[in-house]
Every structure is written in structure tokens, then in C-alpha cells.
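All remarks here apply to the structure that follows.
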Amino acid sequence: MQRVELVKDELSFSRCIQGYWRLHEWQMTSSELQAFVEQGLEQGITTTDHADVYGGFTEEGLFGSMLKQAPQLRERIEVVTKCGILFPCERQPQVSEKHYNSSAGYIIEAAERSLRELSTEYIDVLLLHRPDPLMDADDVARAFEALRTSGKVRHFGVSNFTASQFALLQSRLDYPLVTNQLEISLIHTDYLFDGTLDYLQQQRVRPMAWSCLGGGGVFHDFQYKALREVAKQIASHYQAELDQILLAFVLALPGQAMPILGSGDKKRIARQAAATDIALERQHWFALLEAARGIPVP
Ligand SMILES: NC(=O)c1ccc[n+]([C@@H]2O[C@H](COP(=O)([O-])OP(=O)(O)OC[C@H]3O[C@@H](n4cnc5c(N)ncnc54)[C@H](OP(=O)(O)O)[C@@H]3O)[C@@H](O)[C@H]2O)c1
């Protein structure tokens, strides 16, 4: 598995990342989760993506229980987690409305909670989960500095940020934001055309790509029938499977986008990680884009 350098000599990720948004649905015991992580490691998938809100603030705890049982795995993986979203749920009884919180006090509180839940002494990368219209960039910078100097968080990034939101926060930091985690797939191509990916490429910031398979909808929803048909034809050309071609589309983007795989199925993960071996020809890439958007290439 290829590695992507995010900070020279300091931080690199596996090209494919394992996402844990759906971990609470997988019904895995800690031992099964450990075996799942170990299979990923055998394939070179070292980077893990989490968020405090996943599973109604329970996902990090499930992963942390596994790490408590297998602490030797901690040094072999990178832990990425996110904060900033709050919504009413059992674990947040004081919250009555969904909202975002990017205040310094809350970011520090959330990161410290993630450390406890994940049973780890440090977070490799902490991301602000969503852009917050009430974000005060100086305040965020204060929180990041406190977490960095205490060794609790090594690097910072953002998720779902526009180019200008990214530039604003970066302008207040003396070190680089290491990534912007974005929804990038054949069924969500907005960032290819709105300047967000251009800006990241210009800044040499490597994006993480979420829901590259449309959260699974691309395999069965009627609206993606035309895309499926074209993608299956192209897949046969490469002796590949549909999911691999959908991932190869994201992998072909300039700027080394790193797909976050969302499956909890070991066989699918093994196959999808192998999509990194497919080099899509340009004419196939554009045929997929055309089928996905329903607009001829101009
Ligand atoms: N930053 C953000 O705002 C944000 C938002 C959403 C997600 N994320 C991150 O991105 C990760 C990936 O997102 P995602 O889970 O939506 O990824 P995804 O790969 O688009 O979707 C995963 C879903 O598709 C199903 N699936 C995968 N391969 C399949 C196949 N060949 N045939 C049929 N179904 C298939 C999976 O089911 P099985 O498990 O049964 O295979 C799972 O339910 C998340 O885990 C999370 O870490 C970030």
C-alpha cells in the first residue's frame, strides 16, 4: 500500500484509510475488531478515521476498548478523530438542538474526551468536523496550541471546509493544517469544480475522501443505474469489480486524495484496498464522470 506524506518526515498516512463511522452497526466483539484492524495492517492500511459523534458518541469508546485489549496496536496505526458537532442523544443529555461548537474551551474538552474514549495518550490528527459560521479562528488557534504543546494532539486539520474557510484558519497557525476531509465520489463531484480541490492542490494539502461509494447507495439506488452500467463495463476492461472502479476514480485525482473505506466486511476491504493498483485511463475517467453527472463532457 502506497503511503502519502502529509508533513515531511513527521506524518504519513496509508493511501486507503479505514473509517469507523459505522462501527457501532457492525456488532463486532473487541477481538473481532482487533482481527479487523490486523487484517487492514497486513494490507498496509494503518490510518483509522473516527469522530466523537459517531454512534451517538459511542464509536471512539468501542475502538478504545479494543486498544485497551491490544495496546501494541497503537504505535502501528494513525488515529484521526474529529470534534465540533453536537446533537441530542443519550450521551449528551444537556444538548437540545443540533449545533456546532468551535470555541477553544469546547475543542479542548472534546479532544480530552476523545483521548479517554480511545484509550490513547495522543491523537495523531484532530479535525474540526464541519465549518462553523460562529468559528473565531484566533480562538481555535489557541485551543490547537494548548493541545499541541501538551502533546495531546500532534497535528490538526479540518473537514468539509471550503477553500476560504481553510485559508482563514490556516492564516492563524504557524504550522500547516494537514488535511481537509471532504465528500468526494462519482455521486458527489462538487469539490472538483468549485475550487476546493484546486486550492488544496495549490497548497499541497492532501485531502481525505469520505463516502467514495456514496455510503453504499451507488450499488442499489435507481438514480445511479446509468452510472452502474457504465462503471461495470469499464470494470470488466480492468478485470476489476464495480467498487474498485468507483474508488479508482477518486484515486486518479491529482493531489493524492486518500479514500476512507467505510465497509465493515473484511473481504470488501481487501478488494477495495487493491483498487490502488488500478490506473484508470483518462477516457474511462471521463466516461464515468459523464455517466455520473448525466451531462456530456463539454
Ligand atoms: N468528515 C465527514 O463529514 C464524514 C462523513 C461521513 C463519513 N466520513 C468517514 O468516511 C468513512 C467512509 O464513509 P462511508 O461509510 O459512507 O463509505 P462508503 O464506502 O461510501 O460506504 C460504506 C457503505 O457501503 C457499503 N458497501 C461497501 N462496499 C459495498 C459493496 N461492494 N456492495 C454493497 N455495499 C457496499 C458498506 O456496507 P458493508 O459494511 O456491509 O460492506 C457500508 O454500508 C466513514 O467511516 C467515516 O470515517 C466522514
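Values quoted throughout were computed directly from the atomic coordinates according to the rules given, and no laboratory measurement underlies them. Bear in mind that the values here come from a model prediction, so they are computed numbers and not experimental data. In this analysis, Cβ positions are derived from the backbone assuming ideal geometry, glycine residues included, and neighbour counts consider all displayed protein chains.
May I ask you to sort 127, 177 by Cβ crowding, counting other Cβ atoms within 10 Å and putting the fewest first?
Placing the least packed residue first, the sequence is 177, 127.
Give me the net charge for the shell around residue 57: Cβ to Cβ below 11 angstrom, other residues only, Lys and Arg +1, Asp and Glu -1.
With Lys, Arg at +1 and Asp, Glu at -1, the neighbours total -3.
Name the residue, out of 245, 234, 260, whose mean-square fluctuation peaks in a Gaussian network model built on the chain with Cα pairs under 10 Å.
It is 234.
Using Cβ contacts closer than 10 Å as the measure, can you line up 6, 242 from fewest to most?
242, 6
What Kirkwood hydrodynamic radius do you get for region 213-262 when you take the inverse of the mean 1/r over all pairs of distinct Cα atoms, in Å?
11.5 Å
With unit charges on the beta carbons (Lys and Arg positive, Asp and Glu negative) and the dipole taken about the Cα centre of the chain, which residue among 258, 236, 197 sits farthest to the positive side?
236
In sequence order, what are the phi-derived ³J(HN,Hα) couplings for region 111-117 according to the Karplus relation 6.51 cos²θ - 1.76 cosθ + 1.60 with θ = phi - 60°, rounded to whole Hz, with x for glycine and proline?
With the stated coefficients, region 111-117 comes to 5, 5, 5, 4, 4, 5, 4 Hz.
By a straight-distance test (C-alpha under 19 Å), which lysines pair with residue 82 as possible cross-link partners, with residues fewer than eight away in the same chain excluded?
Counting by Cα, and skipping residues close in sequence, residue 82 has these lysines nearby: 98, 152.
Within straight cross-link reach of residue 266, meaning Cα distance under 17 Å, which aspartates and glutamates are found once same-chain residues fewer than 8 apart are removed?
In chain and number order, the partners are 25, 32, 38, 42, 49, 241, 243.
Work out how much length residue 282 to residue 223 would gain on full extension: take 0.36 nm times their residue separation and subtract the Cα-Cα distance, in nm to one decimal.
Taking residue 282 through residue 223 to full extension adds about 18.8 nm, to one decimal.
About its Cα centre, how strong a charge dipole does the chain have in debye, to the nearest 20, once Lys and Arg get +1 and Asp and Glu get -1 at the Cβ? Show your work: numbers first, answer last.
Details: 29 positive and 38 negative charges, 87 e Å.
Dipole of the chain, to the nearest 20 debye: 420 debye.
Please find the FRET efficiency linking residue 35 to residue 295, where r is the Cβ-Cβ separation and R0 is fixed at 51 Å, and quote it to the nearest 0.05.
With R0 = 51 Å, the Cβ-Cβ based efficiency is 0.70.
Determine Rg/Rh for the chain; Rg is computed over alpha-carbon atoms and Rh is the Kirkwood hydrodynamic estimate from the same atoms.
Values: Rg = 18.9 Å, Rh = 19.8 Å.
Reported Rg/Rh (Cα atoms, Kirkwood Rh): 0.96.
For residue 98 paired with residue 5, estimate the spin-label separation in nm (one decimal), with each label point 7 Å from Cα along the Cα-to-Cβ line.
About 4.0 nm separates the two model spin labels.
Which percent, nearest 5, of DSSP beta bridges in the chain are antiparallel?
Values: 8 of 31 bridges.
Among the beta bridges of the chain, antiparallel pairing accounts for roughly 25 percent.
What list of ³J(HN,Hα) values in whole Hz, one per residue of region 283-298 in order, does the Karplus curve 6.51 cos²θ - 1.76 cosθ + 1.60 (θ = phi - 60°) give from phi, with Gly and Pro shown as x?
Once θ is set to phi - 60°, the couplings for region 283-298 become 5, 6, 4, 6, 5, 5, 4, 5, 5, 6, 8, x, 10, x, 4, x Hz.
How large is ³J(HN,Hα) for each residue in region 2-7, as worked out from phi by the Karplus curve 6.51 cos²θ - 1.76 cosθ + 1.60 (θ = phi - 60°), to whole Hz, x for Gly and Pro?
4, 10, 10, 7, 9, 9
Between 249, 193, 87, where does the largest GNM mean-square fluctuation fall for the chain, given springs only between Cα atoms within less than 10 Å?
Most flexible of the set in this elastic network: 193.
Using Cβ contacts closer than 10 Å as the measure, can you line up 57, 63 from fewest to most?
By the 10 Å Cβ count, ascending, the order reads 57, 63.
Restricting to region 1-158, what percent of DSSP beta bridges are antiparallel, rounded to 5?
Taking every DSSP beta bridge within region 1-158, about 35 percent pair in antiparallel fashion.
Given region 3-178 reduced to its alpha-carbon atoms as identical point scatterers, what log10 I(q)/I(0) does the Debye formula return at q = 0.08, 0.19 Å⁻¹?
-0.24, -1.34
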